[in-house]
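Asker: Handing you a structure now.
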Amino acid sequence: MQFEFLRLRFHFEAIDSIVFPAGKAANVVRGAFGTILRQIACTPACTGNGHQPGCVYARIFEPKAAHREGPSGLADWPRPFVFRTAHLDSREIQSAERFHLDVHLFDLAQPSLSYFVQALGQLAVEGLGPGRGRARLASADQLSLDDAVAQRVFDGEKLAAPLAPSAVSLTACGGPVGHACVRFLTPTELKSEDGLAEQPEFQVLFARIRDRLSTLAALYGAGPLAIDFRGMGERAAGVRMTHCALRSEHVARRSSRTGQVHALGGFTGEAEYAGDLAEFLPYLRAARWTGVGRHTVWGNGEIRVVEQGAESGNHATP
């Protein structure tokens with residue numbers, strides 16, 4: 001059993017100086033991306049009352065409006081992509097300097113790569129950041145999981161079809177693993193039965209990862225994952241959190257359309273877990289690429305796992 005997706009890196013060259021405020025690089029991209037995508041990908045027959053079936057914009061940016069059947073009881077569908085822009089936070093890009101942002105694309109049935117190229121290219125021309133500094137979309141690469149360039153999918157003029165997607169195995173392999181440390185690299189918020197979890201207890205963390213992977217695969221991938229939801233949930237409850245060192249990150253954005261302020265914060269830091277972790281590690285590794293929790297599409301909930309064998313005491317970062 002595996003989870004598949006496309007890992008894409010878009011390379012830009014700055015024309016003007018571009019400022020990415022602290023904690024808000026994703027916000028610099030998000031609003032304009034949605035506006036431009038609607039202009040270039042929304043079906044002409046769509047109206048203010050809703051989107052037509054087959055609307056590319058709706059499938060990418062408002063998937064609940066696509067009127068397709070999905071997992072039972074799921075009202076709000078996850079968007080089929082995430083941005084990775086945290087490396088741009090607090091940076092000022094100078095004229096002629098190169099920079100990049102990553103997109104992880106989960107819609108394997110309709111990858112819509114051309115629309116991302118068009119939207120990000122136009123966004124760069126119209127300007128980024130508080131000063132609306134302009135840039136040029138120079139190229140785009142499909143990356144492997146180890147950061148190697150698998151193929152150049154856009155050379156600045158021509159678009160090429162992507163290669164086979166990256167695949168993350170969800171099957172446990174190797175010996176027993178008794179300890180693991182999860183690092184929360186970007187602000188993370190996890191829903192629990194009582195609202196938002198104050199700490200990432202393992203049962204809650206695993207449940208949110210499992211549900212996100214399963215939903216993305218069912219809606220956009222090869223189909224539902226063959227997961228023993230109840231059994232794995234019960235076993236996850238036996239994993240203990242042995243250490244937790246978190247910081248609260250307070251980030252907000254203002255909607256240009258409504259003027260409302262939306263909180264995008266959460267906790268960062270790390271938590272350590274002890275128990276029989278071998279079957280859960282593949283899911284923790286996969287969450288590096290999908291994110292976990294709220295606002296993952298804008299880069300929140302990015303994690304890394306550092307595992308330790310039950311007896312060897314050796315650490316390994318997948």
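Rule-based calculations on the coordinates, nothing more; no lab input. It should be emphasised that the depicted structure is a prediction, and the values quoted were computed from it without experimental measurement. Every residue, glycine as well, gets a Cβ built from its backbone with ideal geometry; the counts of neighbours run over all protein chains shown.
Asker: Rounded to the nearest 20 debye, what is the charge dipole size of the chain about its Cα centre when +1 sits on each Lys and Arg Cβ and -1 on each Asp and Glu Cβ?
Answerer: Roughly 900 debye, rounded to the nearest 20.
Asker: At a 10 Å Cβ-Cβ cut-off, how would you order T171, T188, fewest neighbours first?
Answerer: Ascending number of Cβ neighbours within 10 Å: T171, T188.
Asker: Fully extended, how many nm does the chain gain between V149 and A164 (0.36 nm per residue separation, minus their Cα-Cα distance)?
Answerer: 4.1 nm
Asker: Add -39500 (n - 2.57) for each DSSP H run of 4 or more in the chain, then divide by its residues: what number comes out at 222 nm, to the nearest 500 deg cm²/dmol?
Answerer: -7500 deg cm²/dmol
Asker: Any idea what the relative contact order of region 1-160 is, in percent, if you count C-alpha pairs under 8 Å spaced at least 6 apart?
Answerer: Across region 1-160, relative contact order equals 38 percent.
Asker: Could you line up L163, L137 from fewest to most neighbouring Cβ atoms inside 10 Å?
Answerer: The order, fewest Cβ neighbours first, is L163, L137.
Asker: If you don't mind, another one. Local charge sum around C46 (other residues, Cβ-Cβ under 11 Å, Lys/Arg +1, Asp/Glu -1)?
Answerer: Combined, the nearby Lys, Arg, Asp and Glu give 0.
Asker: Search the structure for amide H atoms under 5 Å from the amide H of C42, placed 1.01 Å from N in the peptide plane, and list their residues when 5 or more places away or on another chain.
Answerer: Answer set, sorted by chain and number: Y57.
Asker: Here's a follow-up. What is the set of long-range amide H partners of G265 at a cut-off below 5 Å, with H atoms built 1.01 Å from backbone N?
Answerer: For G265, whose amide H was placed from the backbone, the distant partners under 5 Å are V251.
Asker: With θ taken as phi - 60° and the coefficients 6.51, -1.76 and 1.60, list the Karplus ³J(HN,Hα) couplings across region 9-17 in order, rounded to whole Hz; mark glycine and proline as x.
Answerer: Listing the rounded values in order: 10, 9, 9, 10, 10, 6, 9, 10, 5 Hz.
Asker: Please tell me the relative contact order of the chain in percent, rounded to the nearest whole number, where contacts are Cα pairs under 8 Å and at least six residues apart.
Answerer: Worked out over the chain, it gives 23 percent.
Asker: Give me the log10 of I(q) over I(0) for the chain at q = 0.12, 0.14 Å⁻¹, as the Debye formula computes it from C-alpha points; what are the numbers?
Answerer: Here the Debye-derived log intensity ratios amount to -0.86, -1.17.
Asker: Using the Kirkwood radius over C-alpha pairs as Rh, can you work out the diffusion coefficient of region 20-143 via Stokes-Einstein at 37 °C, viscosity 0.692 mPa s, in µm² per second?
Answerer: 208
Asker: Follow-up question, since we're still on this one. Express in whole angstrom the spacing between the alpha-carbon centres of region 209-227 and region 119-158.
Answerer: With region 209-227 and region 119-158 each reduced to a Cα centre, they are spaced 28 Å.
Asker: Rounded, prolate or oblate, given the Cα gyration tensor of region 1-49, with a/c below 1.5 counting as rounded?
Answerer: It comes out oblate by the Cα gyration axes.
Asker: Would you mind checking which residues have amide H under 5 Å from S192's amide H? H placed 1.01 Å from N; only 5 or more apart, or other chain.
Answerer: A197
Asker: Continuing with the same structure: Taking the Cβ of S248 as the center, what net charge do the other residues with Cβ under 15 Å away carry, scoring Lys and Arg +1 and Asp and Glu -1?
Answerer: Around S248, the charge tally is -2.
Asker: Taking 0.36 nm per residue of separation and subtracting the Cα-Cα distance, what length does fully extending S248 through S192 add?
Answerer: The S248-S192 span can extend by a further 18.4 nm.
Asker: For the chain, build the charge dipole from Cβ charges (+1 Lys, Arg; -1 Asp, Glu) around the Cα centre, then report which of G195, A96, L205 sits farthest towards its positive end.
Answerer: A96
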